[in-house]
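S.K.: One structure, as structure tokens, below. Some questions next.
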Amino acid sequence: MPQPAVAPALDHLDQHIEGFKATLRDLVRIPSVSAEGFPPEEVRRSAEAVAAALRRAGLQNVRLLEMPGQHPYVYGDWLHADAPTVLVYGHHDVQPPGRPEKWVSPAFEATERGGRLYGRGTADDKGSVMAHVAAVAAYLATSGRLPLNVKFLVEGEEEIGSEGLEPFLQKYRSLLSADAVVLSDTGNLDTGHPALTYLLRGICQVDVEVHCLKQPVHSGMWGGPVPDALRILTEMIAGLEGPDGRLEVPGLYRSVAKTGSKQLGRMRALPFDETAFRQAAAMKPGTELVGEMGRSVYERLWTRPSLTVIALEAQEIKGSSNQILESARARLSMRTVPDMDEKEAGRLLVKKLTSKVRAGARVTASVTGNSPWWTTDPEGPAFEAACRALELGFDRQPALIGAGGSIGFVQPFAEALGGAPCLLMGAEDPAAAIHSENESLHLGDWRKYMRAAVHLYDELSRAPIRRPVRRTAVTPP
Ligand SMILES: [Zn+2]
């Protein structure tokens, strides 16, 4: 049974939803793109606006936490309960807006249409952060206290890979210590169908260049005997997948963990609607699903490696002429899974690309980025509490899911906080189009997620998750 403070907090959410929405609109109006080439002042302005929202909700000790050369983090807490402490993580930076002409309404002007709020960052991740801020505000405005202790950490460079997170966590480890971490930045299985994410794929990125000539030459005068770098590169890429959909990289599958029966059971228990999946994946009619045959779509998405060509460079069609190009480049992005080592996977891919090269072309390939996979056993009191909270908020039992994407901060968090359970949840649904144009937040699910957050604090406050305070041993000199 929820504690008496829950009902008034839920009422407060309903009565003030427009106010929370206005705050979200204000946050979306700030183009807090963390990527290089965009003004860093906007990310700072966004951090200050988030800090102001935390203060208005009643959080204390609100401040920006800074590291040299990094976008600011926002911290705030409320620590007056004799109960567990939960760290709520989210991020206030956003992806670049993409092509302005593809947006139905401007990217940084949150616009409501058909029960959704459109705009960059509405779903990823300003909406998910605001849901927790609203939950805190609702408790503090009605009962004057929270059922448990909370710490908020809202990052400013998640969208560029959280690369500075490890030194940051080292520096602020004790400030951030908690009994459980709520990472509010993942998606739900479907609109209205909440989810807890317990598995994330990793990533490794490889850049490859094929170089054949000193300069471009006339394709009529020289075409035939003279090698074409772009064709060699595209053949190499085509050769990376076999007819069965497995990647043709020697040694790659050696460390891919066999999917356990418990996990297979969890995946089989999930509903799968191919039509809805195709739609959410923006597939054109007639386009077929690909990948490893004989594996379910969830397995292909979550527990098997996959490869995408994310960039190809040679010559633009506009301005092209009858030339054999001297060189061509591609950026390959491979998703890794338990128990692969993403660095080793990158090395194997580089080895495959640089051995047995056609026509003696000069091929250079190197690993240009990586991030580890993460997984946890979604069992124990914290997960049970989170499941109950999501069910109460959405009026539907949550799904336990994997996510095909990689989130760089989860592994460092899990490590820095010494094995505190990590609860990955959020307000995004498959139609949210995060990172794409016309990103949006389903407002009905946003409200449900806020309600779930209110229940989550209540449920976690009563869960046996308090961990002994870690004391540093003092050795006498
Ligand atoms: Zn995000």
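S.K.: So for segment 30-50 (the condition being in a helix (DSSP H, G or I) and among the hydroxyl-bearing types (Ser, Thr, Tyr)), does at least one residue qualify? Give the steps one after another, and end with the answer.
M.R.: Step one: filter segment 30-50 for residues in a helix (DSSP H, G or I), giving 40-50.
Retained after the next criterion (residues that are among the hydroxyl-bearing types (Ser, Thr, Tyr)): 46.
Yes, segment 30-50 contains at least one residue that is in a helix (DSSP H, G or I) and among the hydroxyl-bearing types (Ser, Thr, Tyr).
S.K.: Given the conditions (1) open to solvent by 10 Å² or more (accessible area, probe 1.4 Å); (2) farther than 30 Å from Ile232 by Cα; (3) of a type in the set (A, V, I, L, M), and given that Ala399 satisfies all but one, which numbered condition is not satisfied?
M.R.: (1)
S.K.: Within segment 402-425, work out how many residues are assigned to a loop (DSSP other than H, G, I, E, B) and within 15 Å of Pro378 (Cα to Cα).
M.R.: Going residue by residue through segment 402-425, those that are assigned to a loop (DSSP other than H, G, I, E, B) are 404-409, 417-421.
Next, from what is left, pick out any that are within 15 Å of Pro378 (Cα to Cα): 419-421.
The number of residues fulfilling the criteria is 3.
Per-residue answers, yes or no, for (1) part of a loop (DSSP other than H, G, I, E, B); (2) at pLDDT 95 or above; (3) at positive phi:
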| residue | (1), (2), (3) |
| --- | --- |
| Leu270 | yes, no, no |
| Ala276 | no, no, no |
| Ala282 | yes, no, yes |
| Thr287 | yes, yes, no |
| Thr308 | no, yes, no |
| Ala328 | no, yes, no |
| Ala345 | no, yes, no |
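S.K.: Okay, moving on. Within the group Ala83, Ala138, Ala123, which residue is within 16 Å of the ligand (Cβ to nearest atom), crowded, with 17+ Cβ neighbours inside 10 Å and modelled with pLDDT of 95 or more?
M.R.: Details: Ala83 fails: within 16 Å of the ligand (Cβ to nearest atom); Ala138 fails: within 16 Å of the ligand (Cβ to nearest atom).
Of Ala83, Ala138, Ala123, the one residue that is within 16 Å of the ligand (Cβ to nearest atom), crowded, with 17+ Cβ neighbours inside 10 Å and modelled with pLDDT of 95 or more is Ala123.
S.K.: Let me ask another. State which residue is surrounded by the fewest Cβ atoms within 10 Å (Cβ to Cβ) when the search covers only segment 93-114 and only residues that are charged (D, E, K, R) and within 22 Å of the chain's Cα centre (by Cα). Write out each step before concluding.
M.R.: At the first step, the residues of segment 93-114 found to be charged (D, E, K, R) are 93, 99, 101-102, 109, 112-113.
Filter once more, keeping what is within 22 Å of the chain's Cα centre (by Cα): 93, 99.
Values: Asp93: 27, Arg99: 9.
The selected residue is Arg99.
S.K.: Are any of the residues in segment 49-69 within 16 Å of the ligand (Cβ to nearest atom) and open to solvent by less than 70 Å² (accessible area, probe 1.4 Å)?
M.R.: If we filter segment 49-69 for residues that are within 16 Å of the ligand (Cβ to nearest atom), which is where we start, we get 50.
From what's left, open to solvent by less than 70 Å² (accessible area, probe 1.4 Å): 50.
The answer is yes, given that some residue of segment 49-69 is within 16 Å of the ligand (Cβ to nearest atom) and open to solvent by less than 70 Å² (accessible area, probe 1.4 Å).
S.K.: Give the number of residues within segment 159-174 that are open to solvent by 10 Å² or more (accessible area, probe 1.4 Å), within 16 Å of the ligand (Cβ to nearest atom) and in contact with a helix residue (DSSP H, G or I) (Cβ under 7 Å, 6 or more places away or on another chain).
M.R.: Going through segment 159-174 one residue at a time, the tally reaches 0.
S.K.: Take segment 274-297 and flag every residue that is of a type in the set (Asp, Glu) and in contact with a helix residue (DSSP H, G or I) (Cβ under 9 Å, 6 or more places away or on another chain). It would help to see each step written out before you state the result.
M.R.: Of segment 274-297, the ones of a type in the set (Asp, Glu) are 274, 288, 292.
Answer for segment 274-297, where residues must be of a type in the set (Asp, Glu) and in contact with a helix residue (DSSP H, G or I) (Cβ under 9 Å, 6 or more places away or on another chain): Glu274, Glu292.
S.K.: Still on this structure, I have one more. For segment 86-106, name all the residues that are within 16 Å of the ligand (Cβ to nearest atom) and not in a strand (DSSP E or B). So that I can check it myself, show each step before the final result.
M.R.: We begin by selecting, within segment 86-106, every residue within 16 Å of the ligand (Cβ to nearest atom); these are 88-98.
Once the filter is applied, which keeps residues that are within 16 Å of the ligand (Cβ to nearest atom) and not in a strand (DSSP E or B), segment 86-106 yields His92, Asp93, Gln95, Pro96, Pro97, Gly98.
S.K.: Which ones in segment 303-328 are open to solvent by less than 20 Å² (accessible area, probe 1.4 Å) and not charged (D, E, K, R)? Talk me through it step by step, then tell me what you get.
M.R.: Looking only at segment 303-328, we keep the residues that are open to solvent by less than 20 Å² (accessible area, probe 1.4 Å), and these are 303-305, 324, 327-328.
Selection gives Thr303, Pro305, Ile324, Ser327, Ala328.
S.K.: Let me ask something else. Can Gly76 be described as open to solvent by less than 30 Å² (accessible area, probe 1.4 Å), away from the ligand (no atom under 16 Å from the Cβ) and within 22 Å of Leu424 (Cβ to Cβ)? Talk me through it step by step, then tell me what you get.
M.R.: Numbers: open to solvent by less than 30 Å² (accessible area, probe 1.4 Å): yes; away from the ligand (no atom under 16 Å from the Cβ): yes; within 22 Å of Leu424 (Cβ to Cβ): yes.
So Gly76 passes the test.
S.K.: Which numbered condition in (1) over 18 Å from the mean Cα position of the chain (by Cα); (2) of a type outside the set (Ser, Thr, Tyr); (3) open to solvent by 10 Å² or more (accessible area, probe 1.4 Å) is the only one that Leu390 fails?
M.R.: Failing condition for Leu390: (3).
S.K.: If a residue has to be small (Gly, Ala, Ser), away from the ligand (no atom under 16 Å from the Cβ) and surrounded by 24 or more Cβ atoms within 10 Å (Cβ to Cβ) to count, how many in segment 404-461 make the cut?
M.R.: Qualifying residue count, segment 404-461: 2.
S.K.: Which ones in segment 177-200 are of a type outside the set (A, V, I, L, M, F, W, C) and either more than 16 Å from Val86 (Cα to Cα) or within 16 Å of the ligand (Cβ to nearest atom) (or both)?
M.R.: Start the filter on segment 177-200 by keeping residues that are of a type outside the set (A, V, I, L, M, F, W, C), which leaves 177, 179, 184-188, 190-194, 197-198.
Ser184, Asp185, Thr186, Gly187, Asn188, Asp190, Thr191, Gly192, His193, Pro194, Thr197, Tyr198 - these are the residues of segment 177-200 that are of a type outside the set (A, V, I, L, M, F, W, C) and either more than 16 Å from Val86 (Cα to Cα) or within 16 Å of the ligand (Cβ to nearest atom) (or both).
S.K.: Right, here's the next one. Every residue in segment 341-364 that is hydrophobic (A, V, I, L, M, F, W, C) and surrounded by fewer than 16 Cβ atoms within 10 Å (Cβ to Cβ), please.
M.R.: Looking only at segment 341-364, we keep the residues that are hydrophobic (A, V, I, L, M, F, W, C), and these are 345, 348-350, 353, 357, 359, 361, 363.
Selection gives Val357, Ala359.
S.K.: Could we say that Gly156 is within 14 Å of the ligand (Cβ to nearest atom) and either open to solvent by less than 50 Å² (accessible area, probe 1.4 Å) or at negative phi (or both) here? Explain how you work it out, then say what you get.
M.R.: On the way: within 14 Å of the ligand (Cβ to nearest atom): yes; either open to solvent by less than 50 Å² (accessible area, probe 1.4 Å) or at negative phi (or both): yes.
It is true that Gly156 is within 14 Å of the ligand (Cβ to nearest atom) and either open to solvent by less than 50 Å² (accessible area, probe 1.4 Å) or at negative phi (or both).
S.K.: When residues of segment 238-247 are filtered for being under 19 Å from Thr303 (Cβ atoms) and in contact with a Leu (Cβ under 9 Å, 6 or more places away or on another chain), how many remain? So that I can check it myself, show each step before the final result.
M.R.: Our first condition is that a residue be under 19 Å from Thr303 (Cβ atoms); within segment 238-247, this holds for 241-242, 244-247.
Restricting the remaining residues to those that are in contact with a Leu (Cβ under 9 Å, 6 or more places away or on another chain) gives 241, 246-247.
Residues that pass the stated criteria total 3.
S.K.: Return the total of residues in segment 199-215 being modelled with pLDDT under 95 and touching a Pro at 6+ places or on another chain (Cβ under 7 Å).
M.R.: Residues flagged as modelled with pLDDT under 95 and touching a Pro at 6+ places or on another chain (Cβ under 7 Å) within segment 199-215 amount to 1.
S.K.: Under 6 Å between Cβ atoms, which residue pairs at least 6 apart in sequence (or on different chains) link something in segment 151-166 that is modelled with pLDDT under 95 with a partner that is away from the ligand (no atom under 15 Å from the Cβ)?
M.R.: Pairs found: Gly164/Met67; Gly164/Gln70; Leu165/Pro412; Glu166/Pro412.
S.K.: When you scan segment 203-218, do you find a residue that is under 30 Å from His442 (Cβ atoms) and crowded, with 16+ Cβ neighbours inside 10 Å, even just one?
M.R.: First, pick out the residues of segment 203-218 that are under 30 Å from His442 (Cβ atoms): 203.
Checking which are crowded, with 16+ Cβ neighbours inside 10 Å leaves us with 203.
Yes: segment 203-218 contains one or more residues that are under 30 Å from His442 (Cβ atoms) and crowded, with 16+ Cβ neighbours inside 10 Å.
The values are calculated or read from the model by the stated rules, or taken from the named source; none is laboratory data. Source: prediction; values computed, not measured. All Cβ positions, even for glycine, are placed from backbone atoms using ideal geometry, and neighbour counts span all protein chains on display. What goes into the accessible areas is simple: the full protein's heavy atoms, side chains included, and nothing from ligands, DNA or RNA. Shrake-Rupley method; radii C 1.70, N 1.55, O 1.52, S 1.80 Å.
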